[in-house]
Amino acid sequence: MNKVIASVILSALFFFFASPCSVNLSKSTVYLSAVYAQQEIPFDNSNKTTVQDDQEDQSVLYSVMAVIVVLWLGIFTYMVKLDRQVKKLKRKL
Amino acid sequence: MAVIPVKEIEAKSLSKKFGRTWIFRDLNFSVKTGSSLAVVGPNGSGKSTLLQILAGIQRPSLGAVLFTADGLTIPDHEKNESIGFISPLFLPYRELSGRENLEFAARDKAGLARSCELLDMLGLDRHKDKQVKSYSTGMIQRLKYCIALCGDPFFLFLDEPGSNLDDDGREAMYRHLVSIKNERVLVIATNDQNEAALCSRELLLGS
Amino acid sequence: MIKHIVNVLMLLTIALAFLWVPSADILGHSSRIIYFHVPVAWVSVLAFIVSGVLSIIYLKDRDGKYRLLEERAHASASIGLAFTILTIISGSIWAKISWGSFWNWDPRERTIVVLFLIYIAYFVLRSALADNPDRRKISSAYMIFTMVVMPLFIFVIPRMYDTLHPDTIINTQRKIKMALEMRMVLLLGVVSFTLLYVYLYKISTKILFMKKTIEERSDE
Amino acid sequence: MTKMKLRSAAGSCSLVHDIFRNLKKDCVVEFRSRVSFAISMAFAGISTIAVSLVSGGVPFSSLVQAILLWLILFFSAMNGLAHIFTREEEEGTSLFLLLNSNLDAVFLGKLIFNIVFFFVLQVLITPLYLFFIQAVPARPGHFIAAVISGGVAISSSTTFLGAMVAKAGGRGSLFTIISFPVLLPVLWISIAETAGSLQSGGSTAVGNLVFLLAFSGLVVAISLILFRAVWNSQ
């Protein structure tokens, strides 16, 4: 049961950190390499390759991401609560 | 009523549990007009609960209670009007006087007159118009008896009717009970031996 | 089975919401929050409706055909409360971004807060009734009572104070004019979050039944 | 198995008779133990005076006046409207009530009592409030209509919740917690209407008043259906 939660959350978080760095890029391979490229600062503007949103302020994206990460952390903690209950009950059964 | 219809209350595999413990299980008995049943047993054996279930105040966890008149089940509203009930949990209004409590309890003038008469018979005539606040527990118990009887009920469920009554109060109540019990169905829950002796049959709970 | 669907759909929503959907004209990228914020709000309302319906069924079937109905309504309500809190948090952060202030009582925020208060009241009442044998009946009666009264608020609140209160910058209807893709992704988001709710609900029911069997086993 | 039908007296005419019987009993009992009535009135009076004392006669806008008025009325309701049911539980007379009259009559009797009680409270408090904040409503008719319909909405929805609180041990704050979310829109609308009537401009939004009365109607209907589940013992 808990490995399912972990997989859902991990994959979701992975997508988050990858996606804002290259919005509207069609091919996923390009941005995957972009992610590996920047080691120290994951979100600097240097790798922005899309033309369409050059004037778009990067901070908006971070806050969008912040909101969604908050959502996901909330759901994650709720799932962990349920998961712990299940484990406790399983032991008793 | 020239011919008294044979009314009957029948308990079918009645059982009740509180939380996770069973108070009583699979009780089967029936009480016809004129006969009466004494429910006895140690404290906490579920006597009061059983009486509340019979009176329709509480719902049994399993089983059912059937009210029949000559074999036909009595419709509910009629049944509710023909039930008299006394229990320690049952208290009259303290701010109202004895008579006002009876006015509230009686459905019609005749009932009111009958219960006032009964009140006088039980020695409460001097206190009829005083607030129940000023009554002693014995006097409240007598008033409860009158309230239970004011609708001329056919089914009487009395949970320790004689409690905190003095000797002559108890004696007057028993005399009245004996006089009316042959054309009614009577169930008394009690720990008091001579109260149980009033009834034709006994049911032991909590064995 | 639902677990896998939820995983797939959730990932799809995330991917599409970020990679494929054009950003809304006024809001720019911050409009991407819609695909997560709105479904979460929808789930909190859905949980409320489900627990109301469960309470109705519980009160109707007095002879106990179904088991643990009221506890399930309670479980659904706790999921609803969790999602309502999430909606409020994410809503206020989004409000900070697009309108500059954390909270300015626009109609949608009021509806969510009223729902939040109802959940709190339900849980407080239920715990206050702890030792009362009628606890289940009374708390489901309260849930039904509020569920019937709640739709009135939704019609009332938007019309509230309009004479005295300046309207917010973006229009107050729930849906901003949305391109087709946006509407599709939003729908996908709603579906995946609803399935997530169903999944959580199934787990909570399983927990309830486990507790019941443990209880019964410890009785014998 | 005969369905365990709950206690209900026969026929509708005796329902009205039952309601009056209950109402008469409630009035006599409440009149005799005037403590709770006095406390509610004193509470409402003191909060009115407190508001004007604290504000020190500073004139505030009609909206703020309306908000303060309705807050005072709301909390006085929270103080007094549950008593009619909690008294039954505290004094153990709920079993007596259950046996002697059907549930609808019990509820309707107490509902009427609550509406009348809150109306009397409003009649005493609102003029006092207006006097203290030196406000004269621009359209008195509209103002009175708003206050009355708001009061009816509050008292009719809190009666049922009072029955729940009585069963839950009757702590005062529980009553406020469970009735606030239900009363929130009623307060919003009443405040908007009262503010509208205090101001000179603005028109009477009859829709709002109708909403308040419709709300009370709906709430009474729902309460009648659900009262069985709450008041009848298990």
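The values are calculated or read from the model by the stated rules, or taken from the named source; none is laboratory data. Quick caveat, the model's predicted, so the values are computed rather than measured. Every residue, glycine as well, gets a Cβ built from its backbone with ideal geometry; the counts of neighbours run over all protein chains shown.
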*What pairs can you find where one residue is in segment B:145-166 and polar (S, T, N, Q), the other is surrounded by fewer than 21 Cβ atoms within 10 Å (Cβ to Cβ) and at pLDDT 85 or above, and their Cβ atoms are less than 8 Å apart, with a gap of 6+ or different chains?*
B:SER163/B:PRO88; B:ASN164/B:THR137; B:ASN164/B:GLY138
*asked:* Kindly evaluate D:ALA138 against the criterion of being more than 18 Å from D:LEU73 (Cα to Cα), touching a helix residue (DSSP H, G or I) at 6+ places or on another chain (Cβ under 7 Å), within 14 Å of chain C (Cβ to nearest Cβ) and in contact (Cβ under 8 Å) with a residue 40 or more places away in the chain.
replied: no
*Considering segment C:92-118 alone, what residues qualify as being within 9 Å of another protein chain (Cβ to nearest Cβ) and within 21 Å of C:VAL156 (Cα to Cα)?*
C:ARG110, C:VAL113, C:VAL114, C:LEU115, C:PHE116, C:LEU117, C:ILE118
_Quick check on this structure: which one of B:SER179, B:SER115, B:SER207, B:SER163 is exposed (fewer than 15 other Cβ atoms within 10 Å of the Cβ), among the hydroxyl-bearing types (Ser, Thr, Tyr), at pLDDT below 85 and closer than 23 Å to B:LEU54 by Cβ?_
B:SER207
*Which residues, taken from segment D:180-229, are more than 19 Å from D:GLY141 (Cα to Cα), small (Gly, Ala, Ser) and within 18 Å of the chain's Cα centre (by Cα)?*
D:ALA214, D:SER216, D:GLY217, D:ALA221, D:SER223
_I'm checking my understanding of the structure. Among residues of segment D:162-178 that are closer than 18 Å to D:ILE222 by Cα and at the interface with chain C (Cβ under 8 Å from one of its Cβ atoms), which one is surrounded by the most Cβ atoms within 10 Å (Cβ to Cβ)?_
D:MET164
*Any idea how many residues of segment B:122-155 are within 12 Å of chain D (Cβ to nearest Cβ), part of a helix (DSSP H, G or I) and either more than 15 Å from B:ARG99 (Cβ to Cβ) or not β-branched (Val, Ile, Thr) (or both)?*
4
_Output for segment D:102-127, where each listed residue is under 30 Å from B:GLU81 (Cβ atoms), over 11 Å from the mean Cα position of the chain (by Cα) and surrounded by fewer than 24 Cβ atoms within 10 Å (Cβ to Cβ)_ = D:ASN102, D:LEU103, D:ASP104, D:ALA105, D:LEU108, D:GLY109
*Among the candidates D:GLY141, D:GLY151, single out the residue that is crowded, with 22+ Cβ neighbours inside 10 Å and in a helix (DSSP H, G or I).*
D:GLY151
*Within segment D:18-31, work out how many residues are surrounded by fewer than 16 Cβ atoms within 10 Å (Cβ to Cβ) and more than 14 Å from B:ASN101 (Cα to Cα).*
2
*Boolean, C:ILE49 is under 21 Å from C:SER192 (Cβ atoms) and not in a loop (DSSP other than H, G, I, E, B)*: yes
*Under the condition of being hydroxyl-bearing (Ser, Thr, Tyr) and modelled with pLDDT of 85 or more, which residue from segment A:54-87 is farthest from C:ILE214 (Cα to Cα)?*
A:THR77
*Segments classed as helices (runs of 4 or more DSSP H), wholly inside segment D:56-118, with at least 3 members that are aliphatic (A, V, I, L, M)*: D:62-80, D:94-100
*Output yes when any residue across segment C:63-71 is part of a helix (DSSP H, G or I), at pLDDT 85 or above and of a type in the set (A, V, I, L, M), and no when none is.*
yes
*Scan segment C:7-27 and give yes if some residue there is of a type in the set (Ser, Thr, Tyr) and surrounded by fewer than 20 Cβ atoms within 10 Å (Cβ to Cβ), otherwise no.*
no
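Results for (1) among the aliphatic types (A, V, I, L, M); (2) more than 30 Å from B:SER134 (Cα to Cα), shown as yes or no for each residue.
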{"site": "B:GLY46", "(1), (2)": "no, yes"}
{"site": "B:LEU51", "(1), (2)": "yes, no"}
{"site": "B:ALA64", "(1), (2)": "yes, yes"}
{"site": "B:GLY84", "(1), (2)": "no, no"}
{"site": "B:PRO92", "(1), (2)": "no, no"}
{"site": "B:ARG99", "(1), (2)": "no, no"}
*Please determine, by comparing only the residues of segment D:187-214 that are in contact with a Leu (Cβ under 7 Å, 6 or more places away or on another chain) and more than 9 Å from chain C (Cβ to nearest Cβ), which one is farthest from D:VAL136 (Cα to Cα).*
D:SER190
